[in-house]
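*Asks:* Before anything else, here's the structure in question.
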Amino acid sequence: MSNKKIFTCILLPFLFILSACSTSSNLSDTSSMQSLDEGNSPYISVNDIKNFETIEETEYYKIVHSDFMFYYYIFDENHNVVKSGGPLNREPHISMVNNHLIRFTLQTGTGIGTQWGYYYDAKADVFSRIFQSIYDQCDSKVAYGKAKKVIVRDIFDKTEYYKEISSFQKPFSDVVEPITDVKFVNDGTGIEVSYLTGVDYKEVTEIIKLN
């Protein structure tokens, strides 16, 4: 057999394996991207889900469970589906902030940094942007975390209110998530921030006034 034929016989299987690995990698990347965008899944009719169990159902949302996976539906004031998602391997948390404002959050791992969510105003029929690490909300404002800071802004329009808080009275402990809790106080005119400080990881709180 000629050297050219021997080289071809060796090269072809190698190229086939390389192509298969590349295809598998692309599929994996696509799957990862879809999992990050679970909140924007195409509409999934509950009629297409077999043997489902209703976990929670209200006028504005519904959560069901089937084959160890979760699905959710958010409705407008006319009970039309405006957003759905699933399958999810963790149960989403949906609640009513008031009689027309819905809060959706999903925990994808351990710690506040792996939580994301958004809001839907059924009366105005408008969705907020997606927020990472939602701590609390009050009236039209939300407090969420980002890179060792707290951001307070209007839920739907940051031009109405936006404030970043990154300076605190004491230095943070050397941990990934030093901020342990944030909540609105004094009728929404301030926030109380709890965080870890020092080498002994002491938890302290301070109140920061909002403009």
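The values are calculated or read from the model by the stated rules, or taken from the named source; none is laboratory data. Since this is a predicted model, take the numbers as computed values, not measurements. Here Cβ is always computed from backbone atoms with ideal geometry, including for glycine, and neighbour counts include all displayed protein chains. Note: accessible area is taken over every heavy atom of the protein model, side chains too, but ligands, DNA and RNA are not part of it. Shrake-Rupley method; radii C 1.70, N 1.55, O 1.52, S 1.80 Å.
*Asks:* I'd like to verify a number: residues in segment 153-175 that are of a type in the set (Phe, Trp, Tyr), over 30 Å from ASP125 (Cα atoms) and either surrounded by fewer than 15 Cβ atoms within 10 Å (Cβ to Cβ) or touching a Lys or Arg at 6+ places or on another chain (Cβ under 8 Å) (or both), how many?
*Replies:* Residues meeting the conditions: 1.
*Asks:* Here's a check for you: in segment 92-106, which residue that is assigned to a loop (DSSP other than H, G, I, E, B), more than 15 Å from TYR71 (Cα to Cα) and of a type outside the set (A, V, I, L, M) is least open to solvent (accessible area, probe 1.4 Å)?
*Replies:* Pass one, segment 92-106, residues assigned to a loop (DSSP other than H, G, I, E, B): 92, 97-100.
Among the residues that remain, those that are also more than 15 Å from TYR71 (Cα to Cα) are: 97-100.
Keeping just the survivors that are of a type outside the set (A, V, I, L, M) gives 98-100.
Working: ASN98: 64, ASN99: 119, HIS100: 46 Å².
Looking at residues that are assigned to a loop (DSSP other than H, G, I, E, B), more than 15 Å from TYR71 (Cα to Cα) and of a type outside the set (A, V, I, L, M), I get HIS100.
*Asks:* Let me ask you something else. Using the structure shown, decide if GLU160 is at negative phi, touching a strand residue (DSSP E or B) at 6+ places or on another chain (Cβ under 7 Å) and part of a loop (DSSP other than H, G, I, E, B). Spell out the reasoning first.
*Replies:* Working: at negative phi: yes; touching a strand residue (DSSP E or B) at 6+ places or on another chain (Cβ under 7 Å): yes; part of a loop (DSSP other than H, G, I, E, B): yes.
So GLU160 passes the test.
*Asks:* Taking segment 176-199 as the region of interest, how many residues are part of a loop (DSSP other than H, G, I, E, B) and open to solvent by 40 Å² or more (accessible area, probe 1.4 Å)?
*Replies:* Going through segment 176-199, the residues part of a loop (DSSP other than H, G, I, E, B) turn out to be 176-178, 186-189, 198-199.
So of that shortlist, the ones also open to solvent by 40 Å² or more (accessible area, probe 1.4 Å) come out as 176-177, 186-187, 189, 199.
Of the residues in that region, 6 qualify.
*Asks:* Among the residues of segment 200-210, count how many are within 17 Å of GLU164 (Cβ to Cβ), part of a strand (DSSP E or B) and in contact (Cβ under 8 Å) with a residue 24 or more places away in the chain.
*Replies:* 2
*Asks:* Here's another thing I want to ask about it. Of all residues in segment 127-144, count the ones that are of a type in the set (D, E, K, R), in a strand (DSSP E or B) and open to solvent by 40 Å² or more (accessible area, probe 1.4 Å). Show your work before the answer.
*Replies:* Keep residues of segment 127-144 that are of a type in the set (D, E, K, R), which gives 129, 136, 139, 141.
Still in the list and also in a strand (DSSP E or B): 136, 141.
So of that shortlist, the ones also open to solvent by 40 Å² or more (accessible area, probe 1.4 Å) come out as 141.
Qualifying residue count, segment 127-144: 1.
*Asks:* Continuing with this model, one more query. Checking the conditions here, which among PHE127, PHE70 is modelled with pLDDT of 95 or more and touching an Asp or Glu at 6+ places or on another chain (Cβ under 6 Å)? Break it down stepwise before answering.
*Replies:* Values: PHE127 fails: touching an Asp or Glu at 6+ places or on another chain (Cβ under 6 Å).
It is PHE70.
*Asks:* In segment 107-121, what residues are part of a strand (DSSP E or B), over 19 Å from VAL81 (Cα atoms) and open to solvent by less than 30 Å² (accessible area, probe 1.4 Å)? First the steps, then the outcome.
*Replies:* Taking segment 107-121 and keeping what is part of a strand (DSSP E or B), we get 107, 115-121.
After this cut, where a residue has to be over 19 Å from VAL81 (Cα atoms) as well, the list is 107, 115-116.
GLN115, TRP116 - these are the residues of segment 107-121 that are part of a strand (DSSP E or B), over 19 Å from VAL81 (Cα atoms) and open to solvent by less than 30 Å² (accessible area, probe 1.4 Å).
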